[in-house]
Amino acid sequence: MAVSAPWSRRLAAQPRFSDNPFSLGVASGDPWPNSVVLWTRLAPQPLEGGGMPTVDVEIRYRVATDDRMQRVILDETVIAMPELAHSVRVVAGGLEPARDYWYQFHVANESSPVGRTRTAPAAGTALSQLRFAYVSCQHYETGYFTGYKHLVEDAPDFVVHLGDYIYEGAASPLGPRPERVIVRQHNSSEIVTLTDYRNRYALYRSDPNLQAAHAACPWIVTWDDHEVDNNWAGTVPQDPGEQNPTEFLIRRMAAFQAYYEHMPLRAFPVPRGALELDLRLYRRFQFGDLVQMHVLDTRQYRSAQPCLGGFPSEPDCDERQDLSLSVTGKRQEEWLLSQLDQSSARWNVIAQQIWFGQFDFAAGAPRAFNNDSWDGYIHQRQRILDFLDQRRPSNPVVISGDWHSYCVQNLKKDFDDPGSETLATEFAGTSLSSACPWASQVEANLDENPHVRFFDGNRRGYVLCQVRPQLWQTDFRVVSDPLEPENTSIDTLASFVVEDGQAGAQEA
Ligand SMILES: [Fe+2]
C-alpha cells in the first residue's frame, strides 16, 4: 500500500484503454441517511491484473436524482491509483434520507453503467416498513448466481452480504464431483498473492447477475473465512502446520487489501504493526426508528477454534470450556453490547457470519459440535445471551450465513433446557451457490435440538426480510436450479414471522 510522494506521480490526462475499463461494473454501499459510498474499478483486462498502466487516472463521477442522469446534483472527480488496482470509492454526501439516487463514472470517452442507490431513512424518524435481502456463500464453481437476478426483481432497499463472497480454492475439474457439481471454474490455483486475490474478485465480479445486483441497490458487506483462507481465525491460518505464521500474515494483508479494493466500504485498512492490517468491518446502521443493524466481524479478532477443528463437527472436549475464547475479540464485544444497550430501535439486528445457536451433532453422549461456529465459543455466547436477558434490548434478531442451509433457531437462555426462555431469534440463510454436503448430518440430529424450528440444506437462494413495527417477516427464497445458467424461477420455501415483543419464530 506504499504511496509515493505526490510530486513524482504521473497522471494520465487522456488514458486509452484496450477494452471497456468498466468491466467490473459499479457498486454502492454503507447507506447512511445523508451519504452513501460509490465504487468502481478500472480494469480493461479484469482477469489479468486489470490491464491498466501504472499511473494515476482521473475519474469523473456524477450523482443524479433520476435514472436518465438528467438532474445531476454532484459532478466531481477522483483519482484512481495503481496501488489500489485503480479502484475508487467516493462518499457521496449531502443527500436526502430514504431516497433513490443514480450514479455513473466516466473516464476518457468511456462511461460506466448507471447504478441505482438509496440512502437510509433518518435515524429515529418514524418508519413503517423496511425491506432488505441477505446472502452468503457464493462459490463460483458450484452454481450460477441466478439468485441475484431474482433478488433484483424483489427490489429490496439494500442487500447484506454475510461473507464467503469469494472462495480461495484452486480450479476444480468440471463435472460431477463427490457431493457437488462443478459448472464453471476458478481462474487459478489457490490464491495467495495480491494479484491472485484481485483476479479472483474480478472473476466473481464479472458475473452479470452479481454485477446487476450491485448496481441495483446499496450493499452492506462483511466477510467470513473464504475471503482469506478456510476457517482462519485472527492471525492463525487453516493449516498452521503448512503455512508459516509470517507467510500467513502476508497473505492475510493481500486478502484484506483486495477485499477493500472491491467492496463499497467506508472503512479502510490501517497498518497495525509491520505485517498486519486492520480493516474495521464491525459497524452499525440505523433505519429510522425501526431497525438498528449491528454488523459483526467474526474472523479478524477471533481466537483459534478449540479442540481439533473436526469437520463438520467433533465430540465435545474440555478446551471448549476455556473462558478466554472469543469470536469477536473483547473490544468488538464491548462495542456490540453498548450499541444494543443504547439502541432505541424497535428491532435490533445482529448481522454476522456463523450459526449463533447451539447445535448438537450427535445423538446421546458425547455430544458433538461445530467449533468454527459460536459452539466453539460458548462462554462468550452465554455472556451475550445473559446480556439480552438482563438488559432487554428491543426485539433482537440474529441473521447468519456460513453453513449453506436455512435454519431457524429460537435462541434460548439455556440451550440444554428446552423450557427455558427464548431471548432472541436466529434466521440462518442458505448459500447463494455453495453446496451443503453435511445437510444429512444436521437432519439426522434435529431431535437433539428442539430449539431448531426449521432446517433445509438442499436449496440455494437468499433471504428477504420485511420489517414493520409490529411484525418481522423472513422469506426463504429458493432458486429452481442453481446449476442452470438461465431460465430459472424463484419460489418461497418457507416464511417465518416474529411478533413485536415476543422472541421466537412462528411459521407464517
Ligand atoms: Fe461458505
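The values are calculated or read from the model by the stated rules, or taken from the named source; none is laboratory data. Everything numeric in this text was worked out from a predicted model, so none of it was measured. In this analysis, Cβ positions are derived from the backbone assuming ideal geometry, glycine residues included, and neighbour counts consider all displayed protein chains. These area figures cover heavy atoms from the full protein model, side chains too; ligands, DNA and RNA do not enter into them. Shrake-Rupley method; radii C 1.70, N 1.55, O 1.52, S 1.80 Å.
The distance separating the Cα centre of region 390-427 from that of region 308-346 comes to 14 Å.
Between R68 and R284, the FRET efficiency estimated from the beta carbon spacing at R0 = 25 angstrom works out to 0.10. Highest mean first, the peptides 456-468, 413-425 sorted by other C-beta atoms within 10 Å per residue fall in the order 456-468, 413-425.
For the chain, the membrane-span-like helix rule (DSSP H, alpha carbon extent of at least 15 Å along the helix axis, mean Kyte-Doolittle at least -0.5) picks out 245-262; this says nothing about an actual membrane. Of all DSSP-defined beta bridges confined to the chain, some 75% are antiparallel rather than parallel. Under the convention that each Lys and Arg Cβ holds +1 and each Asp and Glu Cβ holds -1, the size of the dipole of region 1-130 around its Cα centre is about 80 debye.
How large is the dipole of the chain about the Cα centre if only Lys and Arg carry +1 and Asp and Glu carry -1, each at its Cβ, rounded to the nearest 20 debye? Don't skip to the answer; put the middle values down first.
Working: 45 positive and 66 negative charges, 364 e Å.
Here the chain has a charge dipole of around 1740 debye.
So how much slack lies between Q14 and S172, counting 0.36 nm per residue of separation and subtracting their Cα-Cα distance, in nm?
52.8 nm
Which residues in region 480-503 place their backbone N less than 18 Å from a point set 7 Å from the Cα of S420 along the Cα-to-Cβ direction? 503, by backbone N distance to the label point. Taking a straight Cα-Cα cut-off under 22 Å and skipping sequence neighbours fewer than 8 places away in the same chain, the lysines within cross-link reach of K330 are K413.
Across region 483-508, the residues whose backbone nitrogen lies under 19 Å from the label position 7 Å along the beta-carbon direction of R468 are 495-508. Neighbours of F476, meaning other residues whose beta-carbon lies under 13 angstrom from its beta-carbon, give a summed charge of -1 when Lys and Arg score +1 and Asp and Glu score -1.
Across region 13-136, the relative contact order, built from alpha-carbon pairs under 8 Å that are at least six residues apart, equals 28 percent.
Given a Förster radius of 35 Å and the C-beta distance between V497 and H106 as r, what FRET efficiency does 1/(1 + (r/R0)^6) yield to the nearest 0.05? Each step should come with its number before you reach the end.
Values: r = 46 Å, r/R0 = 1.30.
Plugging the Cβ-Cβ distance into 1/(1 + (r/R0)^6) gives 0.15.
Could you grab the relative contact order for the chain? Cα pairs under 8 Å, six or more apart, rounded to a whole percent. Relative contact order, the chain: 14 percent. Taking every protein chain into account, the accessible area of the chain amounts to 38 square angstrom per residue (probe 1.4 Å). Cysteines in the chain that lack a partner Cβ within the 4.7 Å cut-off: C137, C217, C407, C436, C465.
When both region 79-133 and region 457-492 are represented by their alpha-carbon centers, they are found 25 Å apart. Positive-end ranking of V160, P176, N109 along the dipole of region 92-180, with charges on Cβ about the Cα centre, is headed by V160.
Relative contact order of region 350-499, please, whole-number percent, based on alpha carbon pairs below 8 angstrom and at least 6 residues apart. Mind dumping the intermediate values first?
Numbers: 297 pairs, mean separation 29.1, N = 150.
Rounded, it is 19 percent for region 350-499.
With +1 on each Lys and Arg Cβ and -1 on each Asp and Glu Cβ, and nothing else charged, work out how big the dipole of region 430-508 is about its Cα centre, in Debye to the nearest 20.
Values: 5 positive and 12 negative charges, 40 e Å.
Roughly 200 debye for region 430-508.
Ligands, DNA and RNA left out, the 1.4 Å accessible surface of region 92-132 is 44% carbon and sulfur atoms.
Please label the shape of region 272-395 as rounded, prolate or oblate, based on the square roots a ≥ b ≥ c of the eigenvalues of the alpha-carbon gyration tensor (a/c under 1.5 means rounded; beyond that, a/b larger than b/c means prolate, else oblate). All intermediate terms of the calculation are to be shown ahead of the outcome.
Working: a/c = 2.28, a/b = 1.41, b/c = 1.61.
Judged from the Cα gyration tensor, region 272-395 comes out oblate (a/c at least 1.5, b/c at or above a/b).
Taking the Cβ of Q390 as the centre, find all other residues whose Cβ is under 11 Å away and add up their charges (Lys, Arg: +1; Asp, Glu: -1). Please report the intermediate quantities before stating the final value.
Working: positive: R383, R391, R392, K413; negative: D341, D386, D389.
With Lys, Arg at +1 and Asp, Glu at -1, the neighbours total +1.
By accessible area, using a 1.4 Å probe on protein heavy atoms only, region 272-322 has 49% of its surface on carbon and sulfur.
Note on the chain: helix-only mean residue ellipticity at 222 nm, from DSSP H runs of 4+ residues weighted -39500 (n - 2.57) and normalised by residue number, equals -5000 deg cm²/dmol.
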